[in-house]
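Have a look at the structure below, then the notes.
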Amino acid sequence: MFQFFRRMKTLVSSEVNNMIDKAEDPVKMVDEYLREMESEIAEMESTTAKIIAEEKLLARKKEDTAKLADTREEQALKALEESNEDLARRILLEKKRAETEHAEISQLHENSLQQVEDLKTKLNEMKHEYSEMKHKRVTLVARAEAAKAKAQANRLMSSVESGSAKRGFNRMEEKIMRQEAEADASEELRETNQSLDNEIKELDKRTEVDAELARLREKLTQKDETKG
């Protein structure tokens, strides 16, 4: 089930242009993937509901067997009070069976609880992924349309002399790259300054602590001198 989700995310994230090249409608394809996700989520919800119902049934059986064992305990005690040891013995056998069944059901219930928690976690993950893809749909559709427009523009530009425009574009690209490099350098410098500031703050703290220690030592010395 989760393999489908991973496959779907990969398709939606990387194959929009491939769909365009194959003359497929990317919007319809994305919507189809979302419908498949909805179906998987509905199936997981149904499975989770069944396991929750089973867990509640086991919880009731667990409680019933515990009560039965307690009841048999009281009944055996009453039989002994009436000097009916044979009856008490048979009742205690029933109690033992109830305790055994209780232990088995308790283990099944514990396993069921863990399964419910695992299913809930996986279901939440699926819903989260679905929500992410739902939000991405608008962007993906826009990218598909942009890819179509870009392909058309490239076909038009191939028949037009664009030497000067291309040189101008290259200059702008170089300028942007230079600005990006300057921004990166500025960021590195800022981080270096921050690191230096932090070291200075730590030094100031140590200096304050050393001064405080010196003051306490002097106070201790004065106290010893007073005693002497």
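The values are calculated or read from the model by the stated rules, or taken from the named source; none is laboratory data. This one's a predicted model, so the numbers in the text were calculated from it and none came from an experiment. Methodologically, a virtual Cβ is constructed for each residue, glycine included, from the backbone with ideal geometry; neighbour enumeration extends over all protein chains shown. Accessible surface areas use protein heavy atoms only, side chains included; no ligands, DNA or RNA. Shrake-Rupley method; radii C 1.70, N 1.55, O 1.52, S 1.80 Å.
Observations, loosely collected:
- Summed over the range 55-79, the residues that are open to solvent by 100 Å² or more (accessible area, probe 1.4 Å) and of a type outside the set (Asp, Glu) give a count of 5.
Let's see how each residue does on (1) at positive phi; (2) surrounded by 15 or more Cβ atoms within 10 Å (Cβ to Cβ); (3) at pLDDT 95 or above:
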{"site": "86", "(1), (2), (3)": "no, no, no"}
{"site": "104", "(1), (2), (3)": "no, no, yes"}
{"site": "116", "(1), (2), (3)": "no, yes, no"}
{"site": "132", "(1), (2), (3)": "no, no, no"}
{"site": "147", "(1), (2), (3)": "no, yes, no"}
{"site": "158", "(1), (2), (3)": "no, no, no"}
{"site": "168", "(1), (2), (3)": "no, no, no"}
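- Filtering the range 88-126 to residues that are among the acidic types (Asp, Glu) and closer than 14 Å to residue 61 by Cβ leaves 99, 101, 104, 110.
Each row is one residue, and each column tells you yes or no for (1) open to solvent by 90 Å² or more (accessible area, probe 1.4 Å); (2) of a type in the set (S, T, N, Q); (3) within 30 Å of residue 28 (Cα to Cα); (4) modelled with pLDDT of 80 or more.
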site: 142; (1), (2), (3), (4): no, no, yes, yes
site: 153; (1), (2), (3), (4): no, no, yes, no
site: 162; (1), (2), (3), (4): no, yes, no, no
site: 215; (1), (2), (3), (4): yes, no, no, yes
site: 223; (1), (2), (3), (4): yes, no, no, no
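- Of the criteria (1) open to solvent by 100 Å² or more (accessible area, probe 1.4 Å); (2) within 36 Å of the chain's Cα centre (by Cα), which one residue 181 fails: (1)
- Out of 93, 108, one residue alone is of a type outside the set (Asp, Glu), touching a residue at least 24 places away in the same chain (Cβ under 8 Å) and open to solvent by 90 Å² or more (accessible area, probe 1.4 Å). It is 108.
- Verdict on residue 63 being modelled with pLDDT of 95 or more, acidic (Asp, Glu) and over 30 Å from residue 143 (Cβ atoms): yes
- Set side by side, the residues 44, 37 differ, and just one is assigned to a helix (DSSP H, G or I), touching a Phe, Trp or Tyr at 6+ places or on another chain (Cβ under 6 Å) and either open to solvent by less than 60 Å² (accessible area, probe 1.4 Å) or among the polar types (S, T, N, Q) (or both), which is 37.
- Taken together, the criteria exclude residue 88 from residues that are within 30 Å of residue 48 (Cα to Cα) and more than 40 Å from the chain's Cα centre (by Cα).
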